[in-house]
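Let me begin by presenting the structure, written as structure tokens, before commenting on it.
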Amino acid sequence: MIELTAIREMREWSRARRAGGGRVGLVPTMGFLHEGHFQLVDRARAEADAVVLSVFVNPTQFGPAEDFSRYPRDLARDRTGAAARGVSCLFVPPIEEMYPRPGVVTVQPGRLADHLCGPHRPGHFAGVLTVVAKLFHIVEPDVALFGRKDVQQALLIRRMAADLDFPVTVSIAPTTRTADGLALSSRNVYLSPEERRAAAALPRSLDAGHAAFARGERRAGTVLAAVRAALAAEPALEVEYIEAVDPDRLAPVDAVEGDTILALAARAGRTRLIDNIILGQGTAADARVAR
Ligand code: AMP
């Protein structure tokens, strides 16, 4: 595995792979890698000949009161894990390399950020889209992998690539969960044992919504009430939003369907957690790991 920090070197490396007839896959991350990231690497390896994994904690997607400075970092461990999982190139640009001057021109999410996390994290998706656009221009991947755990982000990136004609296939992988259903996240390391226990109510409550749908319920209000009731049983969680949205517009629906996205955000102490399911599938359709 090669490790690069300079944009010019990264672009040259990627172009050399492609000139040799290889397909390049990109897995953008903020590091502190876990099995959810590695499942994206596995998929990238299946879809490409060389896999680039970027580690960059992007300051522009964090709000002023968010956790940029304390976001978990462990590059030595990431290096070992990425190499063991078959990453060909680890791209770890310093902040000055990505932002030598404050950016003026940015990519804006438009109305796809009107619901779900958008209103709760002003500027977040513009930060995400702008850095991903930069990474797409730097790495020039044939395929890029994103996790459905961050469904609004993944669909926004797919839409950016389509609307702005990026020559890249945006592939979205299922959420990877622990045995009790909690979606893996670098931020789970913040959780106290009590908060970690309470957090398992998030996937449970989404599955309560799935169960209502499976029983034939089609009124969004009733499905959302089932989720809310399941979450209310866990007082250690403070709900930020619970929404049922359609997968194209990411706008709330009155009548749910199998492909409706059921998504929520909640706080366990200081830690903000998000999760979602495709309503007709529930968490059973997602990947599980033992830990
Ligand atoms: P992050 O490092 O948290 O910014 O995540 C980098 C990529 O990994 C994003 O595409 C995430 O959606 C994806 N990812 C993070 N956690 C999971 C998970 N539990 N399951 C699937 N994908 C994930």
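The values are calculated or read from the model by the stated rules, or taken from the named source; none is laboratory data. On a predicted model such as this, the values are computed, not experimentally measured, just so you know. Every residue, glycine as well, gets a Cβ built from its backbone with ideal geometry; the counts of neighbours run over all protein chains shown. Calculation scope for accessible area: heavy atoms of the full protein, side chains included, ligands and nucleic acids excluded. Shrake-Rupley method; radii C 1.70, N 1.55, O 1.52, S 1.80 Å.
Select from segment 167-182 the residues that are open to solvent by 30 Å² or more (accessible area, probe 1.4 Å) and in a loop (DSSP other than H, G, I, E, B) and write down the one among them that is farthest from the ligand (Cβ to nearest atom).
Once the filter is applied, the top-ranked residue is 167.
Of the residues 43, 8, 73, only one is exposed (fewer than 15 other Cβ atoms within 10 Å of the Cβ), within 13 Å of the ligand (Cβ to nearest atom) and not aromatic (Phe, Trp, Tyr); which?
Exactly one of 43, 8, 73 is exposed (fewer than 15 other Cβ atoms within 10 Å of the Cβ), within 13 Å of the ligand (Cβ to nearest atom) and not aromatic (Phe, Trp, Tyr), namely 73.
Among the candidates 186, 192, single out the residue that is small (Gly, Ala, Ser) and within 16 Å of the ligand (Cβ to nearest atom).
186
So residue 135 fits all but one of (1) over 25 Å from residue 64 (Cα atoms); (2) touching a residue at least 12 places away in the same chain (Cβ under 8 Å); what number is the exception?
The single condition residue 135 does not satisfy is (1).
Given 189, 256, 245, which one is exposed (fewer than 14 other Cβ atoms within 10 Å of the Cβ) and within 24 Å of the chain's Cα centre (by Cα)?
Going through 189, 256, 245 in turn, just one is exposed (fewer than 14 other Cβ atoms within 10 Å of the Cβ) and within 24 Å of the chain's Cα centre (by Cα): 189.
Please specify each residue of segment 139-155 satisfying the condition of being open to solvent by 10 Å² or more (accessible area, probe 1.4 Å) and more than 12 Å from the chain's Cα centre (by Cα).
Across segment 139-155, the qualifying residues are 140, 142.
With the structure loaded, tell me whether residue 14 is over 17 Å from the mean Cα position of the chain (by Cα) and surrounded by fewer than 18 Cβ atoms within 10 Å (Cβ to Cβ) or whether it fails that test.
Here the answer is no, as residue 14 does not meet what is asked.
Is it fair to say residue 208 is assigned to a helix (DSSP H, G or I), out of contact with any helix residue (DSSP H, G or I) (no Cβ under 9 Å at 6 or more places or on another chain) and surrounded by 18 or more Cβ atoms within 10 Å (Cβ to Cβ)?
Details: assigned to a helix (DSSP H, G or I): yes; out of contact with any helix residue (DSSP H, G or I) (no Cβ under 9 Å at 6 or more places or on another chain): no; surrounded by 18 or more Cβ atoms within 10 Å (Cβ to Cβ): yes.
Taking the combined requirement at face value, the residue does not satisfy it.
I'd like the residue in segment 116-154 that is part of a loop (DSSP other than H, G, I, E, B) and in contact with a Phe, Trp or Tyr (Cβ under 8 Å, 6 or more places away or on another chain) and, out of all such residues, is farthest from the ligand (Cβ to nearest atom).
The extreme case among them is 116.
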